[in-house]
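**Student:** Could you have a look at this structure, given as structure tokens, before my questions?
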Amino acid sequence: MRQILFSLVVALCGTAAAQTETPVSRILFGSCIKQENPVPIFETILSHQPEVFLFLGDNIYADTDDQELMRSKYAALGEMPGFIRLRETSTLLATWDDHDYGVNDGGAEFAAKKEAEEEFLDFWKDPEDSTRRNREGVYGSQIFGPEGKRVQIILLDTRYFRSPLKTGEKRLGGPYYPDDNPGLTMLGQEQWTWLEAELQKPAEIRLIGSGIQIVAEASGQETWSNLPAERQKLLDLIKETGAEGVILLSGDRHWSEFSRVSENVPYPIYDFTSSSLNQAHPRGTPTQNRFRFSDKTYHRENFGEIIIDWAGENTRIEFRIRDLRGNTRISHSIRLPELSIRR
């Protein structure tokens, strides 16, 4: 059944029509793969039998405007036995972050972004008639499951359209600072319009994936909080569209942590961060984040796991960060009614 599900979704990758009648209950996610190094965690991931796996960016470290070189780095990932088996047995959905985009911390100014998008879509096997091949940016959406058990997965592109970031004195997380300029954008107008329409589609659970953290405060690193008007726009859009069941997923940081914003939102908005799939964080010290609601962070190889226990109004969603051996390092559970708009 999983292989049938995989075939259906790949054939419709990036299109608004993608939906299956088979509910999913086990979704795994991760980010940041140095493709020249082994990725033994693929074996651990396979042992947990994901129905869907989300690659949230830095899926390779290309850092180049040379298409041929980028293609060779994708090939290195694609030839890994663990990746091959994951592709054969699970539905794979992906967005990018800066290193697979092509330039560290890059945004809309990157001259080779169209070429980078071409390599991305080729590697992730988008068909020639896919929506993503006929527009700029690699954002996309899929819906899994029948009415009452629908999971909408929205993967954003926070690179192709993003305005330049404000820089200053380097802090623990990096040189970036919040910029209140209302003319700056994270997603670009076309993607914002698309996202508004996606959030109005019926679904019980909505997973929104972003290469960079959305909820975490700006502490020098790249985060939505560096463009505070855009961060607020996303939170406001959830309320304005009446979208319930929204949960955010992110990567990038080379550590895992759980963040939550509870004020001025229609219900608590969670951001579950998992990173990296094959790199340990050399410093092991997380940046300041007043939205971190768990005192635990994890700084070695890890992936995220989402287990959905479908039970109607009592549906339970369990989030876990698992290490190289499959041990749970951080966990949190949510009941679906907690993600309902307060009236």
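**Student:** Checking residue 54 against (1) surrounded by 22 or more Cβ atoms within 10 Å (Cβ to Cβ); (2) touching an Asp or Glu at 6+ places or on another chain (Cβ under 8 Å); (3) not in a helix (DSSP H, G or I), which single condition isn't satisfied?
**Tutor:** Only one criterion is unmet by residue 54, namely (2).
**Student:** If residue 341 passes every condition in (1) in a loop (DSSP other than H, G, I, E, B); (2) of a type in the set (A, V, I, L, M); (3) more than 16 Å from residue 41 (Cα to Cα); (4) touching a strand residue (DSSP E or B) at 6+ places or on another chain (Cβ under 6 Å) but one, which one does it miss?
**Tutor:** With (1) in a loop (DSSP other than H, G, I, E, B); (2) of a type in the set (A, V, I, L, M); (3) more than 16 Å from residue 41 (Cα to Cα); (4) touching a strand residue (DSSP E or B) at 6+ places or on another chain (Cβ under 6 Å) applied to residue 341, the lone miss is (4).
**Student:** Could you check the stretch 293-307 and list, in sequence order, the residues that are closer than 16 Å to residue 247 by Cβ and under 19 Å from the mean Cα position of the chain (by Cα)?
**Tutor:** 304, 305, 306, 307 - these are the residues of the stretch 293-307 that are closer than 16 Å to residue 247 by Cβ and under 19 Å from the mean Cα position of the chain (by Cα).
**Student:** Does residue 115 satisfy the criteria of being assigned to a helix (DSSP H, G or I) and over 23 Å from residue 274 (Cα atoms)?
**Tutor:** yes
**Student:** Condition check: free of Cβ contacts under 8 Å to residues at least 60 places away in the same chain, surrounded by fewer than 17 Cβ atoms within 10 Å (Cβ to Cβ), at negative phi and β-branched (Val, Ile, Thr). Does residue 328 satisfy that?
**Tutor:** yes
**Student:** Something else about it: When you check residue 252 against the structure, is it without any contact (Cβ under 8 Å) to a residue 60 or more places away in the chain and within 24 Å of residue 176 (Cβ to Cβ), yes or no?
**Tutor:** No; evaluated as a whole, the condition is false for this residue.
**Student:** Looking only at the stretch 242-264, count how many residues are surrounded by fewer than 17 Cβ atoms within 10 Å (Cβ to Cβ) and more than 22 Å from residue 295 (Cβ to Cβ).
**Tutor:** Selection size over the stretch 242-264: 2.
**Student:** Among (1) assigned to a helix (DSSP H, G or I); (2) more than 20 Å from the chain's Cα centre (by Cα), which single condition is residue 147 missing?
**Tutor:** Condition not satisfied by residue 147: (1).
**Student:** Could you check the stretch 297-322 and list, in sequence order, the residues that are within 21 Å of residue 57 (Cβ to Cβ) and free of Cβ contacts under 8 Å to residues at least 60 places away in the same chain?
**Tutor:** Hits for the stretch 297-322 are 297, 298, 299, 300, 320.
**Student:** For residue 275, which of the numbered conditions (1) out of contact with any strand residue (DSSP E or B) (no Cβ under 7 Å at 6 or more places or on another chain); (2) at pLDDT 95 or above; (3) of a type outside the set (Lys, Arg) fails to hold?
**Tutor:** (1)
**Student:** Quick one: would you say residue 273 is under 13 Å from the mean Cα position of the chain (by Cα) and of a type in the set (Ser, Thr, Tyr)?
**Tutor:** yes
**Student:** Could you check how many residues of the stretch 88-105 are of a type outside the set (Val, Ile, Thr), buried (at least 24 other Cβ atoms within 10 Å of the Cβ) and either out of contact with any helix residue (DSSP H, G or I) (no Cβ under 7 Å at 6 or more places or on another chain) or part of a helix (DSSP H, G or I) (or both)?
**Tutor:** Residues meeting the conditions: 6.
**Student:** Now for a separate question. Here are some residues: 128, 136. Which one is without any contact (Cβ under 8 Å) to a residue 40 or more places away in the chain and surrounded by fewer than 21 Cβ atoms within 10 Å (Cβ to Cβ)?
**Tutor:** None of the other options fit; the residue is 128.
**Student:** Can you tell me which condition residue 85 does not meet? The list is (1) crowded, with 16+ Cβ neighbours inside 10 Å; (2) in contact with a helix residue (DSSP H, G or I) (Cβ under 7 Å, 6 or more places away or on another chain); (3) part of a helix (DSSP H, G or I); (4) not small (Gly, Ala, Ser), and all the others hold.
**Tutor:** The single condition residue 85 does not satisfy is (1).
**Student:** What are the residues in the stretch 289-325 that are loosely packed, with under 15 Cβ neighbours inside 10 Å, at pLDDT 95 or above and either out of contact with any strand residue (DSSP E or B) (no Cβ under 7 Å at 6 or more places or on another chain) or closer than 15 Å to residue 248 by Cα (or both), if any?
**Tutor:** Passing the criteria: 290, 318, 325.
**Student:** State which residue is farthest from residue 204 (Cα to Cα) when the search covers only the stretch 233-280 and only residues that are in contact with a Leu (Cβ under 7 Å, 6 or more places away or on another chain) and of a type in the set (Gly, Ala, Ser).
**Tutor:** 251
**Student:** Related question: Is it fair to say residue 318 is in a strand (DSSP E or B) and either of a type in the set (Gly, Ala, Ser) or on the phi < 0 side of the Ramachandran plot (or both)?
**Tutor:** Answer is yes for this residue.
**Student:** Considering 64, 22, which residue is in contact with a Gly (Cβ under 9 Å, 6 or more places away or on another chain) and either modelled with pLDDT under 95 or surrounded by fewer than 16 Cβ atoms within 10 Å (Cβ to Cβ) (or both)?
**Tutor:** Unique residue meeting the criteria: 22.
The values are calculated or read from the model by the stated rules, or taken from the named source; none is laboratory data. Small disclaimer: the values here were computed from a predicted structure and weren't measured. So basically every Cβ, Gly included, is an ideal-geometry build from the backbone, and we count neighbours across all protein chains shown.
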